[in-house]
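Below is one structure; the comments refer to it alone.
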Amino acid sequence: MSLNTATVKEKCNLRQAIDLCASYGIGGIAPWRDKLQEYGVDEANRMIQDNGLRVSGLCRGGMFTLEDHLSQNILDDNKKTVDEAAAIQAECLVIVVGGLKPDSKDLAGSQMQVEDGLFKTLEYARTVKMPIAIEPLHPMYAADRACVNTLSHALDLCDQMGEGIGVAVDVYHCWWDPELESQIKRAGKNRLLAFHICDWLLETKHLLLDRGMMGDGIIDIPLIRSWMERAGFDGLKEVEIFSEDNWWKRDPEEVISVCMERSAVC
């Protein structure tokens, strides 16, 4: 298991999240950039390495469509994110590509801008040997967060761009996809860079901030995990739960204890 810091976002700073991992024997951590900034990248890396943790990924780069063109500011921020991922020895940099350009209905144009941003970011990431992991998001986020919404689309981009790029498979975003099994197989070991787990609650109250703990919803996580493992994935299961009205309000030790119990059977 790896702990994505989003799971304990409201109760723990980075040091506290690392201490929880160490106390409970969790093998990895996946920080968000805001958590790195609490201590600085060098100190964050020291804390992570001193506790023997793997970094299953850094969240996140991308957002190539925040402006109506691919500005130097966007490219510079992604370059900085690549450097941060390398500095903490992350196994990949997770990329959320961005939705529609501002005040736009141009889906195709937004996707072209994403492709350009990915290509330029990947060119730099190769120089520091940092794998890039495209995370396709559920279609409900196509307008504001990610206009890459299926594993198939993400892998098409990987095919275009060559080495050094793969995918992050998040069950919350892709459990519904009828092609999921075949696309995981298509990705294969070299392009399956991250595996994120949580659950989809049948009566979801907020599409961003009401994810479920594994086992509390309707996703067949063991089945998807079996597809991942059959395709060669042998990385950590990264628990990433956004839960404004439930898990974020609980004691972090309770959250971690339940995460470990549930992830062991997922």
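The values are calculated or read from the model by the stated rules, or taken from the named source; none is laboratory data. In this text, all values refer to a predicted model and were calculated from it rather than measured experimentally. Note that we place each Cβ from the backbone using ideal geometry, even for glycine, and neighbour counts take in every protein chain shown.
In the set (1) touching a Lys or Arg at 6+ places or on another chain (Cβ under 7 Å); (2) surrounded by 22 or more Cβ atoms within 10 Å (Cβ to Cβ), VAL8 fails one condition alone, (1).
Just for region 184-212: of the residues that are of a type in the set (A, V, I, L, M) and more than 17 Å from the chain's Cα centre (by Cα), which one is nearest to MET161 (Cα to Cα)? So that I can check it myself, show each step before the final result.
Quick first cut of region 184-212, residues of a type in the set (A, V, I, L, M) only: 184, 187, 192-194, 197, 201-202, 207-209.
Then keep just the ones that are more than 17 Å from the chain's Cα centre (by Cα); that gives 201-202.
On the way: LEU201: 36, LEU202: 37 Å.
Among residues in region 184-212 that are of a type in the set (A, V, I, L, M) and more than 17 Å from the chain's Cα centre (by Cα), the one nearest to MET161 (Cα to Cα) is LEU201.
Taking the criterion of being over 18 Å from MET1 (Cα atoms), surrounded by 18 or more Cβ atoms within 10 Å (Cβ to Cβ) and not charged (D, E, K, R), the residues of region 173-200 that qualify are HIS173, CYS174, TRP175, LEU180, GLN183, ILE184, ALA187, TRP200.
Look at region 97-120 and say how many of its residues are of a type in the set (Val, Ile, Thr) and farther than 16 Å from ASP159 by Cα. Working first, answer last.
Let us first name the residues in region 97-120 that are of a type in the set (Val, Ile, Thr), namely 97, 114.
Those still in the list that are farther than 16 Å from ASP159 by Cα too: 97.
So the answer is 1.
Applying the criterion of at least 1 residues that are touching a residue at least 24 places away in the same chain (Cβ under 8 Å) and among the small types (Gly, Ala, Ser) to the strands (runs of 3 or more DSSP E) found wholly in region 156-244 leaves 165-170, 192-197. Evaluation of THR204 against the conditions (1) in contact with a helix residue (DSSP H, G or I) (Cβ under 7 Å, 6 or more places away or on another chain); (2) closer than 22 Å to MET140 by Cβ; (3) β-branched (Val, Ile, Thr) shows that the sole unmet condition is (1).
Does region 121-130 include one or more residues that are surrounded by fewer than 21 Cβ atoms within 10 Å (Cβ to Cβ), touching a residue at least 24 places away in the same chain (Cβ under 8 Å) and acidic (Asp, Glu)? No, region 121-130 contains no residue that is surrounded by fewer than 21 Cβ atoms within 10 Å (Cβ to Cβ), touching a residue at least 24 places away in the same chain (Cβ under 8 Å) and acidic (Asp, Glu).
Applying the set (1) under 16 Å from ALA6 (Cβ atoms); (2) surrounded by 20 or more Cβ atoms within 10 Å (Cβ to Cβ); (3) of a type in the set (D, E, K, R) to ASP210 leaves exactly one unmet item: (2). Give the residues of region 220-246 that are of a type outside the set (Asp, Glu), within 19 Å of the chain's Cα centre (by Cα) and within 28 Å of LEU14 (Cβ to Cβ), sorted by residue number. Listed by number, the residues that qualify are ILE221, ARG225, MET228, PHE233, GLY235, LEU236, LYS237, VAL239, ILE241, PHE242, SER243.
When restricted to residues that are over 20 Å from SER71 (Cβ atoms), touching an Asp or Glu at 6+ places or on another chain (Cβ under 9 Å) and in a helix (DSSP H, G or I), region 107-155 contains 4. Scanning region 135-145 for residues that are touching a residue at least 60 places away in the same chain (Cβ under 8 Å) and crowded, with 24+ Cβ neighbours inside 10 Å yields one hit, GLU135.
When you check LEU107 against the structure, is it among the aliphatic types (A, V, I, L, M) and over 25 Å from GLU240 (Cβ atoms), yes or no? Step through it out loud before you land on a result.
Values: among the aliphatic types (A, V, I, L, M): yes; over 25 Å from GLU240 (Cβ atoms): yes.
So LEU107 fits the description; yes.
Scan ASP83, ASP103 and give me the residue that is of a type in the set (Asp, Glu), at pLDDT 95 or above and within 27 Å of ASN190 (Cβ to Cβ). Reasoning before the result, please.
Details: ASP103 fails: within 27 Å of ASN190 (Cβ to Cβ).
Unique residue meeting the criteria: ASP83.
For LEU151, are the conditions met, namely being within 22 Å of PRO178 (Cα to Cα) and either modelled with pLDDT under 95 or hydrophobic (A, V, I, L, M, F, W, C) (or both)? So LEU151 passes the test.
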